[in-house]
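Worksheet: one structure, shown below.
The values are calculated or read from the model by the stated rules, or taken from the named source; none is laboratory data. These numbers come from a predicted model, not from an experiment. With ideal geometry, Cβ positions are generated from the backbone for all residues, glycine too; neighbour counts draw on all protein chains shown. What goes into the accessible areas is simple: the full protein's heavy atoms, side chains included, and nothing from ligands, DNA or RNA. Shrake-Rupley method; radii C 1.70, N 1.55, O 1.52, S 1.80 Å.
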Amino acid sequence: MVLKIHGNPRSTCTKRVAVVLLEKGVPFELITVSMDDAKTPEYKANLQPFGQVPVLEDEGYFLFESRAMGRYVALKYADQGTPGLIPIGGDLQETCNFEKAMAIEATQFLAAEQLISEAIIKPYKGETINPDEVARLTAQLEGKMQAYEQILSKTKYLAGDHLTLADLYHLPYAHAVTNVLKSDLLTSKPSVARWFHDISSRPSWLAVKDLVQSTA
Ligand SMILES: N[C@@H](CCC(=O)N[C@@H](CS)C(=O)NCC(=O)O)C(=O)O
């Protein structure tokens, strides 16, 4: 049975999972869930208790949290598609460098998600932007990008010289900061710009950056 993603074609978290599915060459069916559908008691009881997308369904197994879903796909299909998205069987330092990069994306890069939430999602939902908050988050993300510049001036990717999930997981919000917010936060520093150009030029990302569609 084909793997299903309950998600939204334009949602950043759905794109995070879709890019991994494309890298691993795994066909999937997208079952579109509206934000209203995601708030129903049935959806929360059966699919996602927080009332959010996406959710992965594989042969009766359900998994939510986009980062966990990406890991599931990368591990289940370790032998096909892009290799090494999760370093398996490497030494302790390689494993921990990967976990460090994953933690950087999930915690340090949160500033990008919060900035998009304040500057883009709020007006989209008819809410008023707080300019002080936009300025604070922009300054915070600028500081984070200085650290990224230091890291990426030494290695090609965030966990070392090999592409991993940690790099791919940045794509939805890095793209939104650059292409929707039209900020140069990811393009004004040479090593960050080189890295962002590398990952955002991948065919997997180009296929989902605007809209996620079923591939099965
Ligand atoms: N940590 C969750 C976040 C999921 C999330 O925030 N999904 C958004 C779409 S990108 C959503 O459903 N937003 C509606 C809401 O939170 O009410 C994940 O990575 O899956």
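Among the DSSP helices (H) of the chain, those spanning at least 24 angstrom by Cα along their long axis with an average Kyte-Doolittle hydropathy of -0.5 or more are 131-152; this is a geometric and hydropathy rule only. Relative to the 2.2 N^0.38 Å rule of thumb, the range 90-149 has a C-alpha radius of gyration ratio of 1.46.
Helical runs (DSSP H, four residues minimum) scored at -39500 (n - 2.57) apiece and divided by the length of the chain put the mean residue ellipticity at 222 nm at -13000 deg cm²/dmol.
At q = 0.15, 0.23 Å⁻¹, what log₁₀ I(q)/I(0) does a Debye calculation on the Cα points of the range 92-204 give, no solvent, two decimals? Those come out to -0.63, -1.32, one per q. Farthest towards the positive end of the charge dipole of the chain, among the residues Ile116, Val17, Ser191, is the Cα of Ser191, using unit charges on the Cβ of Lys, Arg, Asp and Glu. Distance check, please: which entries in Lys44/Lys144; Lys15/Lys44; Lys24/Lys156; Lys125/Lys189; Lys76/Lys122; Lys39/Lys144 exceed 30 angstrom between their Cα atoms? Among Lys44/Lys144; Lys15/Lys44; Lys24/Lys156; Lys125/Lys189; Lys76/Lys122; Lys39/Lys144, the Cα-Cα distance tops 30 Å for Lys44/Lys144; Lys125/Lys189; Lys76/Lys122; Lys39/Lys144. Over the range 3-84, accessible surface divided per residue gives 46 Å², non-protein components excluded, 1.4 Å probe. Solvent-accessible surface (1.4 Å probe) assigned to Ser183 amounts to roughly 30 Å². Viscosity 1.002 mPa s, temperature 20 °C: give me the Stokes-Einstein translational D for the chain in µm²/s, with Rh taken as the Kirkwood radius over C-alpha pairs. Roughly 119 µm²/s, to the nearest whole number.
Across the chain, C-alpha contacts under 8 Å between residues 6 or more apart give a mean separation that, scaled by the residue count, equals a relative contact order of 26 percent.
Computed from the alpha carbon atoms alone, the convex hull of the range 27-109 holds 129 Å³ per residue. Dipole size of the chain about its Cα centre, with +1 on Lys/Arg Cβ and -1 on Asp/Glu Cβ: approximately 300 debye, rounded to the nearest 20.
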